[in-house]
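The values are calculated or read from the model by the stated rules, or taken from the named source; none is laboratory data. The structure presented is a predicted model; accordingly, all values stated were derived computationally and were not measured. All Cβ positions, even for glycine, are placed from backbone atoms using ideal geometry, and neighbour counts span all protein chains on display. The area values use the complete protein model at the heavy-atom level, side chains included, leaving out ligands, DNA and RNA. Shrake-Rupley method; radii C 1.70, N 1.55, O 1.52, S 1.80 Å.
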Amino acid sequence: MFHPLKLSLLALCMWGAMAHAQAPTRLLVDAKQQAALGVQVTAVQASGKGQVLASATVVTPPGKAFTVSAPYAGQLSRLMVGVGDAVKSGAPLAQFTSPMLGDARRLLNEASIDYKTASAAAQRDQAMLDEGIIPAVRLQLSRAKQEAALSLLKSREAELAASGMRFEGAAGGYATGVLHAPLSGVVLEAFASVGQRVDAGAVLFKLADASQLQLELQLSNDKAAQLQAGDEVSLATHNAKAKILAVSRAVDASQSARARAVVTQRGNLQVGEFVAVTVHAKSKPLTAGQSQWLVPSRAITQWRGKPWLFVVQPQGFEAQAVNVISATDDVSLVEAAWPASTQVATTGIASLRALLQKDE
């Protein structure tokens with residue numbers, strides 16, 4: 001036989017479980033209460049077949065971005081451009097001063113003088129050989145010295161050429177040169193200010209040719225499996241469109257796959273921007289009876305271990321569990337059996353959830 005106290009506790013637990021399972025999901029909220037709670041609503045948007053939500057970074061095509069680095073340890077003595085400025089190839093970016101630059105120019109001049117001296121000696125020995133005054137071996141030695149001097153001169157010239165420095169019209173002394181833009185584009189970043197000392201190799205400017213943009217998508221493995229080259233990409237918030245170029249299903253250290261898309265309609269996209277995109281995948285059509293909708297991600301709340309939305313009803317709201325197919329920070333793709341006129345709450349979610357949990 002069961003003890004009366006144990007029976008009472010068992011009945012109480014069963015009643016609590018039934019009450020939790022049957023907790024009401026409808027909330028009676030009139031317009032005045034809705035305004036007081038800060039609740040706003042929006043209509044859900046019907047999703048097309050095979051839509052996949054993802055995040056992407058706006059980038060330039062390979063080879064269209066370039067960094068300008070400090071060729072030597074030194075400092076910027078003058079800035080000629082700022083972030084956002086459009087520059088042409090060869091345009092001056094900044095004046096750069098470094099004692100090592102002065103040494104490099106000195107060594108170049110010395111190599112140039114040595115080559116001229118060796119060349120003059122070789123010409124003189126050639127004339128003397130033609131007159132029979134000296135033996136041929138002496139001319140060979142002169143030619144060897146000339147070639148060695150030429151090699152050293154070419155080496156010094158290559159060093160300064162690799163530094164990207166030019167000296168025509170450069171004010172500020174022998175140890176000052178001008179850094180020039182390697183390509184036409186926009187200055188994306190400037191990493192140093194006038195007078196700041198930097199080490200050799202420090203990045204000073206980042207430039208990019210922004211005439212053509214691409215998107216670099218970050219995807220989970222299951223999303224990557226749904227995409228293929230040629231799929232259309234839309235960015236409603238930026239009035240832009242793109243098309244998938246390639247999909248890499250190999251994951252990186254963050255366990256993300258990647259895809260690349262070329263922007264076909266630029267809208268108001270900017271290089272370096274992090275955006276939410278919708279890919280219209282052709283490889284995964286909906287099955288019969290499915291209904292997929294796009295809703296703001298902020299409208300979804302977690303309750304009883306599931307995602308829920310507060311759906312507008314004639315006298316308030318009804319909390320409905322949904323299946324989230326994919327999501328970004330801005331938009332979520334959910335599966336639910338709704339009519340086309342469905343509206344959901346997008347603000348005041350915490351207040352509605354508190355009312356929902358009050359009777360639990």
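Across the protein chains, with a 1.4 Å probe defining accessible surface, the residues T237, T346 rank T237, T346 from largest area downward.
Within straight-line reach of K282, meaning a Cα separation under 12 Å, sit the following aspartates and glutamates at least 8 residues removed in sequence or on another chain: D231, E232. In the context of the full set of protein chains, the chain has a per residue accessible area of 55 Å² (1.4 Å probe). Pairwise Cα distances in segment 143-248 exceed 23 Å in 60 percent of cases.
Restrict the search to segment 67-171; then list the chymotrypsin sites (Phe, Trp or Tyr not before Pro) that DSSP places in a loop and that have at most 14 other Cβ atoms within 10 Å of their Cβ. Those that pass, being in a loop and sparsely packed, are F167. With 29 Å as the limit on Cα-Cα distance, the pairs of K306/K358; K223/K306; K206/K243; K64/K243; K206/K241 all stay inside it.
Within 10 Å, at most 15 other Cβ atoms, and a DSSP state outside H, G, I, E, B define an exposed site. Report the longest part of the chain free of exposed trypsin sites (Lys or Arg not before Pro).
89-248
Residues S351, S332, sorted by accessible area with the largest first, give S351, S332 [1.4 Å probe; ligands and nucleic acids excluded].
Just the C-alpha atoms of segment 76-158: what Rg/Rh do they give, with Rh taken as the Kirkwood radius?
The Rg/Rh ratio comes out at 1.32.
Ranking V68, V58, I133 by Cα position along the charge dipole of the chain, where only Lys, Arg, Asp and Glu carry charges on their C-beta atoms, puts V58 farthest toward the positive end. Taken along the Cα-to-beta-carbon direction at a fixed 7 Å, the label points for A162 and E147 span 2.4 nm. Apolar share of the accessible surface for the chain: 55 percent from carbon plus sulfur atoms, 1.4 Å probe.
Averaging 1/r over every pair of different alpha carbons in the chain and inverting the result gives a Kirkwood radius of 27.2 Å.
Once the Kirkwood radius over Cα pairs is known for segment 206-360, the Stokes-Einstein relation at 10 °C and 1.306 mPa s delivers a diffusion coefficient of 89 µm²/s. Looking at A104, A327, G164, which one has the Cα that reaches farthest to the positive end of the dipole of the chain (charges on Cβ: Lys, Arg +1; Asp, Glu -1)? Checked the options; the winner is A327.
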